[in-house]
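S.K.: The structure follows.
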Amino acid sequence: MKTRVVRELRWSLYDIDETDINNLMAFIHFKPSDDPNVRVINGKTYHRATKPPSWL
């Protein structure tokens with residue numbers, strides 16, 4: 001997987017050296033179901049607030 005990414009992006013040795021490969025792999029394998037702003041607890045779906053409530 002790592003070599004395929006390097007070939008497809010045509011990175012130089014410097015680019016490879018400067019990249020945090022763990023973060024890159026997490027980004028490549030991210031699925032919308034892994035969204036940190038959405039959580040399912042006991043079958044209920046909760047979304048993180050994007051703006052403060054009107055009463056605040």
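The values are calculated or read from the model by the stated rules, or taken from the named source; none is laboratory data. Values in this document were obtained by computation on a predicted structure and should not be read as measured data. Heads up, the Cβs are rebuilt from the backbone with ideal geometry, glycines too, and the neighbour counts pull from every protein chain shown. Note: accessible area is taken over every heavy atom of the protein model, side chains too, but ligands, DNA and RNA are not part of it. Shrake-Rupley method; radii C 1.70, N 1.55, O 1.52, S 1.80 Å.
S.K.: Report the semi-axes of the equivalent ellipsoid for the chain in whole Å, largest first, where each axis is √(5λ) for an eigenvalue λ of the Cα gyration tensor.
M.R.: For the chain, the ellipsoid semi-axes come out as 37, 15, 8 Å.
S.K.: On full extension of the chain, what length is gained from Arg10 through His29, given 0.36 nm per residue of separation minus the C-alpha to C-alpha distance?
M.R.: 4.9 nm
S.K.: A further question on this structure: What nm distance separates the two modelled labels at Ile21 and Lys51, each placed 7 Å from Cα along Cα→Cβ?
M.R.: Taking the simple label geometry, Ile21 and Lys51 are separated by 4.4 nm.
S.K.: Then there's this: In square angstrom, what is the accessible area per residue of the chain with a 1.4 angstrom probe?
M.R.: Each residue of the chain exposes 101 Å² on average to a 1.4 Å probe.
S.K.: At 1.4 Å probe size, with the rest of the protein present, what percent of the exposed accessible area of the chain is carbon and sulfur atoms?
M.R.: 55
S.K.: While we're looking at this one, here's another question. Counting only helical runs of four or more DSSP H residues, what would the 222 nm mean residue ellipticity of the chain come to if each run contributes -39,500 (n - 2.57) and the total is spread over all its residues?
M.R.: About -10000 deg cm²/dmol.
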